[in-house]
Amino acid sequence: YTQRFARRVLSTPERLRFASITSAAAQADFLAARWCLKEATYKAAFPHQSLRWHDISVTTDGRKPHVHVHWLPELAHLAVHASLSHDAGLVASYVVIENTK
């Protein structure tokens, strides 16, 4: 199920990184973090744009997550700010979408 879920929700760069993780527990942590951030991004963007999971890609800079969204051209000015917390098998994220116009 893990591999099928990864194919369904991860972008191409995320799938490449996921494939390089050898531990099943680390793969589960990776998927949980990405899913949590993508779900929060989806909810923050709706109804302005209905996103697909592959429209959202998460990278990290050290320990800070960065959410990249393939916006519709008329929404390209939007900036995404994300926070992620995880401990004891739980993960939570918060996403704010800022209008930079």
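Okay, here's what the table says:
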quantity: Ellipsoid semi-axes in whole angstrom, largest first, where each is sqrt(5λ) of the Cα gyration tensor of the chain; calculated: 24, 15, 12
quantity: Stokes-Einstein diffusion coefficient of the range 1-51, Kirkwood radius over Cα pairs, 4 °C, 1.567 mPa s, in µm²/s; calculated: 111 µm²/s
quantity: Net length gained if the chain between Ala28 and Ala92 were fully extended (0.36 nm per residue, minus Cα distance); calculated: 21.6 nm
quantity: For Ala45, net neighbour charge (Lys/Arg +1, Asp/Glu -1) across residues whose Cβ lies under 15 Å away; calculated: -1
quantity: Portion, in percent, of the accessible area of the range 1-70 that falls on carbon or sulfur, probe 1.4 Å; calculated: 55 percent
quantity: Accessible surface, the range 1-75, averaged per residue in Å² (probe 1.4 Å); calculated: 62 Å²
quantity: Among Ala19, Tyr94, His77 - extreme Cα towards positive end, dipole of the chain, charges at beta-carbon; calculated: Ala19
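The values are calculated or read from the model by the stated rules, or taken from the named source; none is laboratory data. None of the values given here were measured: they were computed from a predicted structure. Don't worry about glycine lacking a Cβ; one is built from the backbone with ideal geometry, like all the others, and counts go over all protein chains shown. To get the accessible areas, we keep the full protein, side chains included, count just its heavy atoms, and leave off ligands, DNA and RNA. Shrake-Rupley method; radii C 1.70, N 1.55, O 1.52, S 1.80 Å.
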